[in-house]
Amino acid sequence: MSYVVTQNCCNDATCVAVCPVDCIHPTPAEREYSRTEMLYIDPQTCIDCGACADVCPVDAIVPGDSTAPDVDRYLELNADFFRRNPRDAPAAAHVQPLPASIATAGVADPPRLRVAIVGSGPSAFYAAEELLARRDIDAEITMFERLPVAGGLVRFGVAPDHWHTKSVDRVFGRTARRAGFTFHLGVEVGRDVTLDEVSSHHHAVIHASGAPGDRRLGITGEDLPGSHSAREFVAWYNGHPEHVGRKFDLSGKRAVVVGNGNVALDVARILVSDIETLRRTDIADHALTALADSEIEEVVVLGRRGPEHAACTTPELMALGSLPGIDVIVDGAVTAGPEASAKMLLLEEYSRREPVPGHKRIVLRFDATPQEMVGTDRVRALVTTGTDSGRRTEIDCGLVLRAVGYRGLPIDGLPFDPVSATVVNIEGRVVDPATGSSSPGQYVAGWIKRGATGVIGTNRWCAVETVGSLLDDFRHGRLPDPAGDGTDLAALVRERCPEAMDGADWRAIDRWERTEGRTAGRPRVKVVDAADAARIALSARASGVPG
Ligand code: NAP
């Protein structure tokens with residue numbers, strides 16, 4: 001019985017590097033990797049050694065005979081990938097390409113390289129790890145996070161019921177403990193310290209600040225009360241300190257989610273999830289209280305195109321269909337042909353399901369382009385037209401969540417492309433679009449580099465590429481030596497932000513959250529208030545508990 005990759009796959013490909021028989025694909029070196037939903041294990045080649053499962057940071061790989069949810073479906077999904085993408089017989093013992101960090105040989109007296117990283121999400125930490133793990137340079141990393149708690153998308157984006165995915169934070173915790181890593185939390189580059197000040201203390205700066213804005217629908221009524229971006233809702237239920245006070249009207253029977261990507265499925269699921277299930281997650285307490293009183297019974301998820309273009313991934317769609325007490329219904333017929341994808345087969349299966357009386361519902365509706373939000377003082381309905389049919393439909397609802405994509409925001413001093421909402425770059429090097437010349441020492445990684453797409457582990461290879469460009473510039477003498485060192489910078493940060501926290505404070509807060517969580521039967525109880533975070537950190541400092 002082979003091992004099998006299941007729902008939580010984060011695509012970071014740690015498993016690929018340890019597989020002795022090259023049975024996990026697509027690898028980051030293969031073309032399909034950039035568009036794959038997940039990685040797959042070839043059951044014909046797997047030798048059942050379990051090395052991949054041992055290293056998987058999110059526990060997505062299980063033995064094929066395990067009792068994990070939907071394991072039979074995943075066995076079929078894994079096998080199907082290799083039926084559709086046949087490949088040559090692998091060499092008996094295959095060595096996969098490794099991130100350069102792991103592959104580098106140590107050198108005597110390695111050169112010192114000081115890099116600042118702005119942001120503390122997945123791409124920030126993967127870049128830090130890629131630099132700190134190398135043995136041919138002596139890297140020093142200064143990471144800046146404007147919030148008092150770290151984690152970016154892992155903490156504030158991943159849905160609370162996806163706790164396996166969140167466990168990748170263990171990997172980031174290990175990076176933050178490496179020699180040469182300095183953390184400044186509660187410090188915003190561009191507000192508390194300027195980019196010039198940060199740049200002058202480092203050889204290079206990697207901007208990994210994500211995509212903190214929203215794409216717009218551009219329709220009438222979009223800004224009526226009751227219409228919110230899904231990003232705001234996600235930030236609220238995940239305890240983002242800047243979204244704690246938001247109010248979402250959950251008193252109506254129906255909500256509409258525009259878009260059918262994974263964010264749309266996340267917010268739809270959270271809106272109708274069983275409250276006792278949510279109580280066992282790290283969802284923010286204020287959201288738990290509000291959702292416990294929610295009257296919402298039905299969430300309509302709108303795709304403007306047909307089912308074959310649904311933007312969600314197959315594993316997320318599959319998991320949606322087995323939630324207790326929730327019917328997933330496809331509005332209209334779906335016919336999957338003989339060569340149909342696993343996603344189309346699932347949608348066809350859902351389209352044949354009968355609703356169960358008393359269940360809540362997620363209704364997947366296709367060919368429905370939003371035209372207008374109707375209401376005077378707040379949203380009362382959403383009007384759609386059939387993209388192909390032109391049929392006009394008015395959907396009564398009290399809440400609309402627009403899950404049509406996140407959007408990067410400009411960074412002062414860096415060239416920005418408003419169309420892709422990314423900083424203009426080539427392989428992570430920031431470049432001037434007019435001249436094509438690079439901005440010395442400035443790099444980007446993650447969503448601000450490539451746009452808001454991909455799962456957590458996609459950021460690993462994105463960061464590896466950026467670090468590759470940075471090191472190439474360093475080796476060729478294109479990065480001038482910094483004028484100041486880490487001590488000067490720490491003094492500047494202390495002067496400007498006396499309340500700033502460091503890595504030890506972060507670990508103290510993490511410890512507090514997990515301890516509270518253990519008592520409550522949850523992975524953690526999130527601190528959502530900056531003052532509370534500071535109090536916990538100060539108390540840990542006072543008690544002398546090592547960070
Ligand atoms: P997404 O996958 O790009 O989906 C955006 C959706 O919005 C699509 O259905 C798109 O339809 C629709 N849309 C865009 N503009 C529209 C308009 N003007 N009118 C109507 N619909 C419109 O974005 P996302 O859901 O925000 O996810 C971002 C990335 O994060 C994705 O790569 C996703 O897989 C990842 N993510 C992963 C997970 C997970 O692994 N569990 C969870 C959350 C997010 P069209 O296709 O027709 O353009």
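All of the numbers you see were taken from the coordinates with simple rules; none came from a lab. Because the structure is predicted, anything quoted here is derived from the model rather than measured. So basically every Cβ, Gly included, is an ideal-geometry build from the backbone, and we count neighbours across all protein chains shown.
List of remarks:
- Protection proxy ranking of 293-305, 327-339, 362-374, by the mean of other Cβ atoms within 10 Å over each peptide's residues and highest first, is 362-374, 293-305, 327-339.
- The value of relative contact order for the chain, using C-alpha pairs under 8 Å at least six residues apart, is 17 percent.
- Distance between the range 148-179 and the range 518-547 - C-alpha centres, whole angstrom: 16
- Distance from the Cα centroid of the range 388-437 to that of the range 246-275 is 23 Å (rounded to whole angstrom).
- Expressed as a whole percent, the proportion of Cα-Cα pairs in the range 165-282 lying more than 23 Å apart is 51%.
- Dipole axis of the chain (+1 Lys, Arg; -1 Asp, Glu on Cβ), positive-most option in ALA150, PRO315, ILE137: ALA150
- Over the range 364-454, the fraction of Cα-Cα pairs per 10 Å bin, rounded to whole percents and listed from the shortest bin up, is 15, 30, 18, 21, 15, 1.
- Over the range 225-299: Kirkwood hydrodynamic radius from C-alpha pairwise inverse distances, Å: 12.5
- Each residue of the range 245-262 was assigned a 3J(HN,Hα) from its phi angle through the Karplus expression (A = 6.51, B = -1.76, C = 1.60, θ = phi - 60°), giving x, 5, 10, 10, 7, 9, 8, x, 7, 10, 10, 10, 10, 8, x, 9, x, 5 Hz with x at Gly and Pro.
- The range 134-273, relative contact order [Cα under 8 Å, separation at least 6], %: 26
- In this structure, the pairs whose alpha-carbon distance is over 27 Å, taken from LYS247/LYS526; LYS247/LYS360; LYS166/LYS343; LYS166/LYS253; LYS166/LYS247, are LYS166/LYS253.
- In the calculated pair-distance distribution of the chain, the portion above 41 angstrom amounts to 24 percent of the Cα-Cα pairs.
- Neighbours of VAL356, meaning other residues whose beta-carbon lies under 15 angstrom from its beta-carbon, give a summed charge of -1 when Lys and Arg score +1 and Asp and Glu score -1.
- Using alpha carbons only: equivalent-ellipsoid semi-axes of the range 462-547, gyration tensor based, whole Å: 35, 20, 10
- Per-residue [θ]222 nm for the chain (sum of -39500 (n - 2.57) over DSSP H runs n ≥ 4, rounded to 500): -9000 deg cm²/dmol
- Using only the C-alpha atoms, the convex hull of the range 144-222 corresponds to 150 Å³ per residue.
- ³J(HN,Hα), Karplus 6.51/-1.76/1.60, whole Hz, each residue of the range 382-395, x for Gly, Pro: 10, 9, 10, 10, x, 4, 8, 7, x, 5, 8, 9, 10, 9
- Peptides 455-463, 159-167, 115-123, 407-415 ordered by packing proxy, namely the average of other Cβ atoms within 10 Å per residue, highest first: 115-123, 455-463, 159-167, 407-415.
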